[in-house]
Amino acid sequence: MTVIEPHEVVSCLDQDKAAADGQAIVQLMFIDAGLMPVGTGRPRFHEVTYPDRSLFNGITALHRGLAHGEDELALESSLIHLLTVLLARHEDAPGAVSPTLRPRALRQVREMLHSQLSSNIKLDDLAAVAGCSKRHLIRSFRQAYGVPPHHYRTLLRLARAKSLLAAGRSVAETAAELGYCDQSQLNRHFRREFGMSAGGYARTVR
């Protein structure tokens, strides 16, 4: 994994060029400063490359999600998680950790997720309700409920999807009602959580 700090010149590393016979394809991800922890200053990285397989796999999965049009809340949450891991493992001077949110703020976020199950809620919307940064929200919500907000909403949607499918609704109808872009996205989430497609689940309960 290559880390390039602001204002540095971007170019392929020699080993990348050699591996691709001079025809390397590079995917870059430019990080907005607003996603960095508040009050810690700009993070510093003395190395250019870091041999971190799990972080590399996470970034690869994020690129894949972007290419497949995955949900924006899930993608941004994944990005912030990856940044947190990057800073914790490789930043030269990690910042201090903020205290968790109060229960009332977390309940308001959870209620919003329940009440707008089919809406395309963004992390900015949830952070505004909680009155904190997006990073702080994800960390506090995970500590309180065991999963970050985007995963919590996915579990809510899948629970509702099970009810709709058991009642005879088609996979396409269920996906549309729950705010998925198409039934393939619903199937991906179903397989990830339950090891089977939504259609396969429907056949077992009808």
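The values are calculated or read from the model by the stated rules, or taken from the named source; none is laboratory data. Fair warning: this is a prediction, and the values are worked out from it, not measured in the lab. Neighbour counts are summed over all protein chains in view; Cβ atoms, including those assigned to glycine, are modelled from backbone coordinates with ideal geometry. Ligands, DNA and RNA are stripped out before the accessible areas are found, and what is left, the full protein with its side chains, is counted by its heavy atoms. Shrake-Rupley method; radii C 1.70, N 1.55, O 1.52, S 1.80 Å.
Percent of accessible area on the stretch 145-184 owned by carbon and sulfur, 1.4 Å probe?
Details: 910 of 1710 Å².
Result for the stretch 145-184: 53 percent of the exposed heavy-atom area is carbon or sulfur.
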Per residue, how much accessible surface does the stretch 56-206 expose to a 1.4 Å probe? Answer in Å², no decimals. 51 Å²
Sort ARG104, ARG142 from largest to smallest accessible area, using a 1.4 Å probe on the heavy atoms of the protein chains. ARG104, ARG142
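Relative contact order, percent, of the stretch 56-204 when contacts are C-alpha pairs under 8 Å separated by at least 6 residues? The partial results should precede the final answer.
Values: 124 pairs, mean separation 29.2, N = 149.
Dividing the mean separation by the residue count of the stretch 56-204 yields 20 percent.
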How would you order 195-204, 128-137 from highest to lowest mean count of nearby Cβ atoms within 10 Å? 128-137, 195-204
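Tell me, what is the FRET efficiency for ASP124 and HIS63 to the nearest 0.05, using R0 = 22 angstrom and their Cβ-Cβ distance as r? Provide the component values of the computation, followed by the final result.
Values: r = 22 Å, r/R0 = 1.00.
Approximately 0.50, to the nearest 0.05.
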Where in the stretch 102-130 does the amide nitrogen come within less than 19 Å of the point 7 Å from the Cα of SER163, taken along Cα to Cβ? 110-120
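Taking 30 Å as R0, compute the FRET efficiency from the Cβ-Cβ separation of ARG107 and GLU72 and round it to 0.05.
Step by step, r from the Cβ atoms, then E = 0.80.
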